[in-house]
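> My structure is below; once you've seen it, I'll send some questions.
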Amino acid sequence: MTTALAPSLPAVRGRLTRQAPLAPLVWFKAGGAAEWLFEPADVDDLSAFLAALDPAVPVMALGLGSNLIVRDGGVPGVVVRLGKPFASVERLDETTLRCGGGASGILVSSTARDAGIGGVEFLRSIPGTVGGFVRMNGGAYGREVKDVLVEAEVVLRSGERVTLVNADLGYTYRHSNLPDGAVVVSATFRGEPAAPQAIQAEMDRIAAAREASQPLRTKTGGSTFKNPPGEKAWALVDAAGCRGLTLGGAQVSEKHTNFLINTGTATSAEIEALGEDVRARVRAASGIELEWEIQRVGVSS
Ligand SMILES: Cc1cc2nc3c(=O)[nH]c(=O)nc-3n(C[C@H](O)[C@H](O)[C@H](O)COP(=O)(O)OP(=O)(O)OC[C@H]3O[C@@H](n4cnc5c(N)ncnc54)[C@H](O)[C@@H]3O)c2cc1C
C-alpha cells in the first residue's frame, strides 16, 4: 500500500491508529488495513482534522462495513469511523428524530417506536449505521431513506460543515450524490404518529421475514448486485446456475443467491472474483449486465 501521508497528521482529540486492520470491522471479515483509522471525538474534531489534512490524502467513511469489500492491500489514506460520540438518537417532535451518523438501524427504529413515530420500521432490518443508510439510500420492504430523510449534516472533505436537504442528495435506487470523502455526522428522519404496539408488530414481521430469507449470521456483504429495472438480481443469478457456486473460501449463498458469503478463509480477492464470475455467467445466460451494489474499496495486494 502506498503511503502518501506526511509523517505527522493534524493533532486530534479522538483516536488515530496507523495500519489498522479493517477485517474485524467489516461483515465479510476479510481484507487489508486502513493506512490510518480515525475515530473522532466529536464533529469539531472531525472538521478540524479534515481542514488541516493535506487535500491530496483520500478519506473514506466506514460504518458497520455491511455493504463493503475491503481489498486485501488495504485502504490508502484515512478511514473515518464514527463511534459512540455519534451514536445517539433523539426525538425532536412528534414525527421527527435526529440520529447520529454512527447510530444503528436497530437503535433508530426502537427509539422511533418508543416515541410513537411510525414509518422507519424498515431500518430495523438493515444492518448498518445512519451514515451508511444516507449514503446508500438503504431500503427494504417498500421504503427507503429517500422517503424519510429530511436533511443530513455532513462534514465535507475540506472540513466544511454543511446541511444537505433530501433533494440535494439526488437519490436514486441505492445511490446518492454524496460527495467523495464527505462524512455524514447526523440525519433527521420524519415518520408519522403511530401506536408503539403497531410499530413493534411491524418490526417483528420484518425481522421474521429477514430471518426466513437471508443468511444473517454469516460473513456477508448484503445484496451483492442492484436489481436491474424490472428484474430481481437473485433470480438472474439463480437462473444462471450460480446458487452455491464457490471460488476459494467464497460462495454464492444457497439461502439467498444475491448474497456472497465468506465460508471462513476467503480473501477479498476471492470474494470479488466470485462476484465478477457471477456477473459474467449472468451476462452469458440472460444478456443482462449486473451492477455491483456492494462498495469495493482499497487496493489489491
Ligand atoms: C445481512 C445483510 C442484509 C442487508 N440488507 C439490506 C437491505 O435490505 N437493504 C439495503 O439497502 N441494504 C442492505 N444491506 C446492506 C447494508 O446494510 C446497507 O448498505 C447499509 O446502508 C450499510 O451501512 P454501513 O453503515 O454498514 O455502511 P458501510 O458498509 O460501512 O459502507 C457502505 C458505504 O457507505 C459509506 N458510509 C458509511 N458510513 C458513512 C458516513 N458516516 N458518511 C458517509 N458515508 C458513509 C461508505 O464509505 C461506503 O461507501 C444488508 C447487509 C447485510 C450484511
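> Picking from G221, G159, which residue would you name as being of a type outside the set (F, W, Y) and in contact with a Ser or Thr (Cβ under 6 Å, 6 or more places away or on another chain)? Walk me through it before giving the result.
Working: G221 fails: in contact with a Ser or Thr (Cβ under 6 Å, 6 or more places away or on another chain).
G159 is the lone residue from the list that is of a type outside the set (F, W, Y) and in contact with a Ser or Thr (Cβ under 6 Å, 6 or more places away or on another chain).
> What number of residues within the stretch 193-206 satisfy the criterion of being in contact with a Gly (Cβ under 8 Å, 6 or more places away or on another chain) and within 19 Å of G138 (Cα to Cα)?
Step one: of the stretch 193-206, the residues in contact with a Gly (Cβ under 8 Å, 6 or more places away or on another chain) are 193-196, 198-199, 202.
Add one more test, that the residue is within 19 Å of G138 (Cα to Cα), and what stays is 202.
Here the count works out to 1.
> Regarding L178, is this residue assigned by TED's automatic domain parsing to the domain that holds T263, open to solvent by less than 70 Å² (accessible area, probe 1.4 Å) and more than 21 Å from D114 (Cβ to Cβ)?
On the way: assigned by TED's automatic domain parsing to the domain that holds T263: no; open to solvent by less than 70 Å² (accessible area, probe 1.4 Å): yes; more than 21 Å from D114 (Cβ to Cβ): yes.
No, not satisfied.
> OK, next. In this structure, does E291 turn out to be outside the structural domain of P58 (by TED's automatic domain parsing) and free of Cβ contacts under 8 Å to residues at least 40 places away in the same chain? Give the steps one after another, and end with the answer.
Working: outside the structural domain of P58 (by TED's automatic domain parsing): yes; free of Cβ contacts under 8 Å to residues at least 40 places away in the same chain: no.
Taking the combined requirement at face value, the residue does not satisfy it.
> How many residues are more than 22 Å from E192 (Cβ to Cβ) and among the charged types (D, E, K, R) when one looks only at the stretch 76-117?
Count: 2.
> Which of the residues spanning the stretch 85-120 are farther than 17 Å from V150 by Cα and more than 16 Å from the ligand (Cβ to nearest atom)? Explain how you work it out, then say what you get.
Here is the first cut: in the stretch 85-120, the residues farther than 17 Å from V150 by Cα are 85-88, 102, 104, 106-107, 110-111, 113-116.
Within the stretch 85-120, S110, T111, R113, D114, A115, G116 meet the criteria.
> I'd like to know if the stretch 140-147 contains one or more residues that are more than 12 Å from the ligand (Cβ to nearest atom) and open to solvent by 40 Å² or more (accessible area, probe 1.4 Å). Walk me through it before giving the result.
Start the filter on the stretch 140-147 by keeping residues that are more than 12 Å from the ligand (Cβ to nearest atom), which leaves 147.
Subsequent filtering for residues that are open to solvent by 40 Å² or more (accessible area, probe 1.4 Å) retains 147.
Checking the stretch 140-147: at least one residue is more than 12 Å from the ligand (Cβ to nearest atom) and open to solvent by 40 Å² or more (accessible area, probe 1.4 Å).
> Separate question: Within the stretch 13-62, track down each residue that is of a type in the set (F, W, Y) and either under 20 Å from the mean Cα position of the chain (by Cα) or open to solvent by 40 Å² or more (accessible area, probe 1.4 Å) (or both). Lay out the reasoning, then the answer.
First pass over the stretch 13-62, keeping only residues of a type in the set (F, W, Y): 27-28, 36, 38, 49.
Within the stretch 13-62, W27, F28, W36, F38 qualify.
The values are calculated or read from the model by the stated rules, or taken from the named source; none is laboratory data. Just so we're clear, the structure is a prediction, and the values are computed from it rather than from any experiment. Methodologically, a virtual Cβ is constructed for each residue, glycine included, from the backbone with ideal geometry; neighbour enumeration extends over all protein chains shown. Note: areas computed on protein heavy atoms with side chains; ligands, DNA, RNA excluded. Shrake-Rupley method; radii C 1.70, N 1.55, O 1.52, S 1.80 Å.
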